[in-house]
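Read the structure below first, then the notes.
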Amino acid sequence: MGQPADVLRFDQVELRRWRVDDLEVLHVAITESRDHLLPWMPFAATHDRKQGEGFLSHSQKQWVSGEAYNYAITSSGVVGSCGLHRRIGPGGLDIGYWLHHAWTGRGLATMAAAALVQAGRDMPGIDRIEIHHDAANPASGAVARRLGFTEIDRVRLPDGPEAPGETGVQVRWRLQIQPCPSRRVP
């Protein structure tokens, strides 16, 4: 199973694999952005250093297992987080991302997602990449649209919204990747 590089670059962002010693920068980014993240990110409501330690430790385990590849988004310091996740079935990856409130509106989420798309294209056995977001979060849909993803459906989540700003309707976007002999898994 191929893995993406520890460091990815696209335009003004560099993505680097989260490290266990990143606790303080992660904590500051989330704490300073709590009000901005709270409508969309359930973890923001309860974030503390212990939760941050758990995320960083779990990220290391997921990287080794190939389940997920979580990155710090950097541009003059850590400005957010993103990742490639194997939670949509064989051949698929989905992308998640968030930014520190002071760094929104600059195209950095799109740049980070573009770096993840390129990394996903280079991974063996990947035929699609998806972005999922709540219908009340059009900014995430704009990232998907700018990168050429196609909206494939809207699904009402059976357990309803997970965060206060959500409607419970998940919008799913997909980017099909043409199979390439060098990326096929035997």
Answer residue from the stretch 18-35, given it is at pLDDT 95 or above and in contact with a Ser or Thr (Cβ under 8 Å, 6 or more places away or on another chain) and is nearest to Glu67 (Cα to Cα) among those: Trp18
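Per-residue answers, yes or no, for (1) of a type in the set (Val, Ile, Thr); (2) modelled with pLDDT of 95 or more:
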{"residue": "His100", "(1), (2)": "no, yes"}
{"residue": "Thr110", "(1), (2)": "yes, yes"}
{"residue": "Ala113", "(1), (2)": "no, yes"}
{"residue": "Asp122", "(1), (2)": "no, no"}
{"residue": "His133", "(1), (2)": "no, yes"}
{"residue": "Ala136", "(1), (2)": "no, yes"}
{"residue": "Ala142", "(1), (2)": "no, yes"}
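Would you be able to tell me the number of residues in the stretch 25-46 that are touching a helix residue (DSSP H, G or I) at 6+ places or on another chain (Cβ under 6 Å) and within 14 Å of Gly80 (Cβ to Cβ)? Break it down stepwise before answering.
First pass over the stretch 25-46, keeping only residues touching a helix residue (DSSP H, G or I) at 6+ places or on another chain (Cβ under 6 Å): 26-27, 33-34, 36-38, 44.
In the following step, the residues that additionally are within 14 Å of Gly80 (Cβ to Cβ) were identified as 26-27, 33-34, 36-37, 44.
Residues meeting the conditions: 7.
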Residue that is farthest from Ser65 (Cα to Cα) [pool: residues in the stretch 82-99 that are open to solvent by 10 Å² or more (accessible area, probe 1.4 Å) and touching a residue at least 60 places away in the same chain (Cβ under 8 Å)]: Leu99
Unmet requirement for Ser75, which otherwise passes all of (1) at pLDDT below 95; (2) open to solvent by 60 Å² or more (accessible area, probe 1.4 Å): (2)
Test: Ala135 is touching a residue at least 12 places away in the same chain (Cβ under 8 Å) and within 23 Å of Thr74 (Cα to Cα): no
Boolean, Arg128 is at pLDDT 95 or above and open to solvent by 50 Å² or more (accessible area, probe 1.4 Å): no
Pairs with Cβ under 9 Å, 6+ apart, first in the stretch 49-78 and acidic (Asp, Glu), second part of a helix (DSSP H, G or I) and surrounded by fewer than 18 Cβ atoms within 10 Å (Cβ to Cβ): Glu53/Val20; Glu53/Leu23; Glu67/Lys61
The stretch 11-52: number of residues that are under 24 Å from His133 (Cβ atoms), open to solvent by 50 Å² or more (accessible area, probe 1.4 Å) and part of a helix (DSSP H, G or I): 9
Residue in the stretch 56-72 that is at pLDDT below 95, assigned to a loop (DSSP other than H, G, I, E, B), over 15 Å from Asp22 (Cβ atoms) and open to solvent by 10 Å² or more (accessible area, probe 1.4 Å) present: no
Any hit, the stretch 100-121, residues being assigned to a strand (DSSP E or B) and buried (at least 19 other Cβ atoms within 10 Å of the Cβ): no
Enumeration of residues in the stretch 136-165 that are open to solvent by 40 Å² or more (accessible area, probe 1.4 Å) and within 18 Å of the chain's Cα centre (by Cα): Pro138, Ala139, Arg145, Arg146, Leu147, Gly148, Thr150, Glu151, Glu162
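The values are calculated or read from the model by the stated rules, or taken from the named source; none is laboratory data. Quick caveat: nothing in here was measured; it's all calculated off a predicted structure. Note: ideal-geometry Cβ built from the backbone for every residue, glycine included; neighbour counts use all protein chains shown. These accessible areas exclude ligands, DNA and RNA; they are computed on the full protein's heavy atoms, side chains included. Shrake-Rupley method; radii C 1.70, N 1.55, O 1.52, S 1.80 Å.
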